[in-house]
Amino acid sequence: MRRRHARSAVGSRPGWVGRLAELRATRTRTTAFDETPIRAPRVYQELNEFLDEDATVVTAIGLYQIFGGQFQNAYRPRHYLCCGQAGPLGWEVSACTGAKLARPDSTVVGIVGDYSFQFLAEEVAVAVQYGVPIVVVMLNNGYMGLIRQAEVGYEMNFEVDLAFDGPDGHPGIDHVALVRAMGADGTRVTDPHDIQAALAWAVRESERRRIPVLIEILTDREESAAMGAAIDSIVEPHELRTIRKAPAGRGPAHAGLTRSPL
């Protein structure tokens, strides 16, 4: 009965419905962040500006997929491929390979997180073996980011950090070196203004050499995604750092902090 009442109320206010559509079209969320480390919404802004309407985008499970659901443009059926709710980490590269073989004239781009990519990184070698040109865009925050965000509401940040002092100052695994060891290629991006050039290079090289090409983008380590109805469930990076430094036994430093429903 509650649903029928809500539907009836909306149907009786067509002007309100039109106003909602207008607000959705004009009151968009901010994506033009210029700071470094790179903010996730900026990555999707660059992808939206670069990719044409026939591009195929593949993603799986994690904060990057949630950001993708909120910011990634999709224009045609079966051109935005998501694993759904099963949570198969590492699904993206194999899915990209299948998508490219099924639709060889489409630019196929997989959006991955660093942890998901590490699950089945060897699938890059399979794509190399069979000459499948795909582009993999990694949002590398050096975290199991979805789990980290879920822990924040409990004033925790426990054993979900993947970063360490890697080679050449890189925070953790050098994924570019890893894909090159398998016969693919890649580049690392630390400045948001370099994303477009990296995308153009990756698409060109993947098609020319018939190999996968990785773009590893170092993103803000403690950026959280909006989840659920409560906007105050978003904890910005500077707020999380305050929480982590709070004395033991004290409540959260951010008075509006709530647990994000997952």
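Among the residues of region 1-34, how many are at pLDDT 65 or above and in a helix (DSSP H, G or I)?
Adding up the residues that qualify gives 12.
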| request: List the number of the failed condition for Ser206; all other conditions in (1) open to solvent by 10 Å² or more (accessible area, probe 1.4 Å); (2) in contact (Cβ under 8 Å) with a residue 24 or more places away in the chain hold. | output: (1)
| Complete set of residues in region 96-120 that are buried (at least 21 other Cβ atoms within 10 Å of the Cβ) and either in contact with a Phe, Trp or Tyr (Cβ under 6 Å, 6 or more places away or on another chain) or assigned to a loop (DSSP other than H, G, I, E, B) (or both) | Thr107, Ile111, Gly113
| query | In region 35-67, which residues are among the polar types (S, T, N, Q) and either open to solvent by 80 Å² or more (accessible area, probe 1.4 Å) or in a strand (DSSP E or B) (or both)? | reply | Thr36, Thr56, Thr59
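Keeping to region 153-185, report how many residues are touching a residue at least 40 places away in the same chain (Cβ under 8 Å) and either under 24 Å from Gln45 (Cβ atoms) or not polar (S, T, N, Q) (or both).
15
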| note | Counted residues in region 68-90 being of a type in the set (Phe, Trp, Tyr) and assigned to a loop (DSSP other than H, G, I, E, B) come to 1
| query | What residue, of Pro133, Pro192, Pro171, is in contact with a Lys or Arg (Cβ under 6 Å, 6 or more places away or on another chain) and under 23 Å from Pro37 (Cα atoms)? | reply | Pro192
| Before we move on, is Tyr44 modelled with pLDDT of 90 or more, farther than 22 Å from Val189 by Cα and not β-branched (Val, Ile, Thr)? | no
| said: Condition check: of a type outside the set (A, V, I, L, M, F, W, C), open to solvent by 30 Å² or more (accessible area, probe 1.4 Å) and over 26 Å from Ala163 (Cα atoms). Does Tyr80 satisfy that? | reply: yes
| message | Name the residue that is most open to solvent (accessible area, probe 1.4 Å), counting only residues in region 138-184 that are in a loop (DSSP other than H, G, I, E, B) and among the β-branched types (Val, Ile, Thr). | response | Ile173
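The values are calculated or read from the model by the stated rules, or taken from the named source; none is laboratory data. Here the structure is a predicted model, which is why all the values come from computation and not from measurement. In this analysis, Cβ positions are derived from the backbone assuming ideal geometry, glycine residues included, and neighbour counts consider all displayed protein chains. Accessible surface is based on the protein model in full, side chains and every heavy atom, while ligands, DNA and RNA are left aside. Shrake-Rupley method; radii C 1.70, N 1.55, O 1.52, S 1.80 Å.
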